[in-house]
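The next block holds one structure in the form of structure tokens; read it before the comments.
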Ligand SMILES: [Zn+2]
């Protein structure tokens with residue numbers, strides 16, 4: 001177990017969660033103070049101290065007449081906290097990033113130039129890279145989340161083609177012996193399989209696994225049929241138990257097929273190696289990996305510590321530390337095994353927030369296309385927020401490339417369009433001041449600062 005890394009991650013988790021929890025805390029206090037004579041000064045001082053930013057002065061000035069619009073203030077503070085967390089991501093993550101089990105340098109040794117991961121968009125998988133897999137973010141490690149891990153095959157063929165062009169033109173160092181790896185990550189709940197599994201598959205685990213395997217094979221067939229047999233990327237299927245962050249790793253068998261029932265189970269391996277010396281544990285893990293490769297009929301194909309089996313080994317070792325982490329800080333199983341997100345993000349995810357249940361994510365270009373995902377998000381927040389009188393905070397976020405003329409303008413226009421469509425779709429909430437929606441864009445290659453692309457929430461919400 002990597003105790004130093006676990007300490008860094010714990011600090012990160014508490015920092016990020018604390019920042020969002022402070023919003024509710026501060027607003028509770030404001031609610032009690034709002035009729036005091038020096039309310040505006042008290043409120044500003046409290047906000048600066050606890051939240052790190054000031055509140056809109058005109059909202060406070062008129063508080064003594066009709067009270068503060070707490071719903072609008074809550075949304076304002078939440079969006080400001082999101083932006084602050086994105087700004088602070090570099091500092092927040094400075095401790096754990098260099099300590100991750102899997103760093104950029106390891107990928108080339110394993111034999112991969114690009115790792116393209118599509119987890120389910122479920123909020124419980126947002127800590128996938130740093131927590132569950134102990135993998136450092138890198139420019140060529142992509143996380144593209146989709147409901148049910150059902151990634152877009154055409155988009156992926158385009159992404160693969162771009163990297164293949166870079167590989168063939170020598171833009172990827174050592175590219176002649178490196179592969180592209182596509183990973184799909186489904187999820188399940190070991191303690192409440194029928195309720196807390198993947199909503200996109202009706203909590204039906206077998207359906208989630210089968211659908212992910214079908215997509216991975218479809219991508220391989222698509223590339224082979226388009227660019228010639230043998231061109232296809234390598235594939236790996238990953239399962240995450242969202243109760244405790246244990247993983248299942250499915251590798252292709254000798255015929256290239258992924259099998260639903262054949263996987264390495266980190267929870268079982270963790271239990272089997274518990275109490276062993278580091279050397280003995282390492283030997284037991286290696287033996288289990290070799291047995292698995294033989295079982296797949298691929299013993300000759302898989303050579304530790306390289307390739308898919310080497311990656312499986314690295315991810316399992318990293319995941320053991322996460323199982324320790326959940327054991328130590330969450331009693332072996334998260335207290336909230338279901339949804340507990342702070343806000344909804346529609347469009348493209350905010351990659352600098354990497355923590356379980358930070359936001360519910362609906363991957364979309366238009367509201368029509370992502371309607372089902374957004375409806376699920378709205379339903380979740382009905383329970384989390386609306387019933388308590390708190391609004392549904394909806395961040396619409398798209399990225400743009402400064403290298404492409406007009407890209408920012410198009411991202412802003414798309415964001416405003418999605419926000420408008422969301423207000424129409426959830427008019428019943430918007431009319432009661434229970435939907436607060438803001439649009440932000442960020443530059444893809446330069447540090448991911450959020451740039452607000454619309455008027456502040458209160459104006460938008462019609463106050
Ligand atoms: Zn899911």
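Read-outs: derived from the displayed coordinates by stated rules, not from any lab. Small disclaimer: the values here were computed from a predicted structure and weren't measured. As a convention, Cβ positions derive from the backbone with ideal geometry for all residues, glycine included, and neighbour counts pool all protein chains shown.
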Note: probe point = Cα of residue 48 + 7 Å toward Cβ; backbone nitrogen < 17 Å; residues of the range 1-32 passing the test are none
Each label sits 7 Å from Cα toward the beta-carbon; between residue 195 and residue 153 the label points are separated, in nm, by 3.7 nm
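Give me the number: length gained by fully extending residue 65 to residue 420, i.e. 0.36 nm times residue separation minus the C-alpha to C-alpha distance, one decimal in nm. Spell out each step's value before the answer.
On the way: separation 355, 0.36 × 355 = 127.80 nm, distance 3.14 nm.
Taking 0.36 nm per residue and subtracting the Cα distance, the gain is 124.7 nm.
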With label points set 7 Å from each Cα along the Cα-to-Cβ direction at residue 169 and residue 413, the distance between them in nm comes to 2.7 nm
The relative contact order of the range 170-303, taking Cα pairs under 8 Å that sit 6 or more residues apart, comes to a percentage of 20 percent
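Order these peptides, 9-19, 434-444, by their mean beta-carbon neighbour count within 10 angstrom, highest first. Don't skip to the answer; put the middle values down first.
On the way: 9-19: 16.9, 434-444: 23.6.
The most tightly packed comes first, giving 434-444, 9-19.
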Relative to the chain, whose Cα atoms define the longest principal axis, helix 367-384 and its Cα axis are tilted in degrees, nearest 10, by 70 degrees
Cα extents of the chain per principal axis, largest first, Å, are 78, 52, 40
By the mean-Cβ-within-10 Å protection proxy, highest first, 328-341, 301-314, 68-81 rank as 68-81, 301-314, 328-341
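How long are the semi-axes of the equivalent ellipsoid of the range 40-168, defined as square roots of 5 times the Cα gyration tensor eigenvalues? Whole Å, largest first. Could the numbers behind the result be given before it?
Values: eigenvalues 362, 69, 30 Å².
Output for the range 40-168: semi-axes of 43, 19, 12 Å.
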For the range 103-330, Rg(Cα) over 2.2 N^0.38 Å is 0.98
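Sort 282-293, 210-221 by packing, meaning the average of other beta carbons within 10 Å per residue, with the highest value first. Write down the numbers at each step before the final one.
On the way: 282-293: 16.3, 210-221: 19.2.
So the order, starting with the most tightly packed, is 210-221, 282-293.
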Each label sits 7 Å from Cα toward the beta-carbon; between residue 95 and residue 401 the label points are separated, in nm, by 3.7 nm
Rounded to the nearest 10 degrees, the helix 407-425 long axis (Cα) sits at an angle to the longest Cα principal axis of the chain of 70 degrees
In cubic angstrom per residue, the convex hull of the range 244-378 built on its Cα atoms measures 157 Å³
Extend 7 Å from the Cα of residue 206 along its Cα-to-C-beta direction; within the range 245-260, residues with backbone N under 17 Å of that point are 259-260
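Can you give the relative contact order of the chain as a percent, counting alpha carbon pairs under 8 Å and 6+ residues apart?
Values: 756 pairs, mean separation 71.8, N = 463.
So the answer I get is 16 percent.
Normalised by the number of residues in the range 103-330, what is the relative contact order in percent for Cα pairs under 8 Å and 6+ residues apart? All intermediate terms of the calculation are to be shown ahead of the outcome.
On the way: 358 pairs, mean separation 47.3, N = 228.
Here the relative contact order equals 21 percent.
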Taking max minus min of the Cα coordinates of the range 338-460 on each principal axis, largest first, gives extents in Å of 44, 30, 26
The helix 3-33 Cα axis meets the longest alpha-carbon principal axis of the chain at an angle in degrees, between 0 and 90 and rounded to 10, of 20 degrees
The distance between the Cα centres of the range 1-62 and the range 80-122, in whole Å, is 27 Å
Extend 7 Å from the Cα of residue 268 along its Cα-to-C-beta direction; within the range 321-341, residues with backbone N under 14 Å of that point are none
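Need one number: % antiparallel among DSSP beta bridges in the chain, to the nearest 5. All intermediate terms of the calculation are to be shown ahead of the outcome.
Numbers: 9 of 47 bridges.
Within the chain, antiparallel bridges account for around 20 percent of the total.
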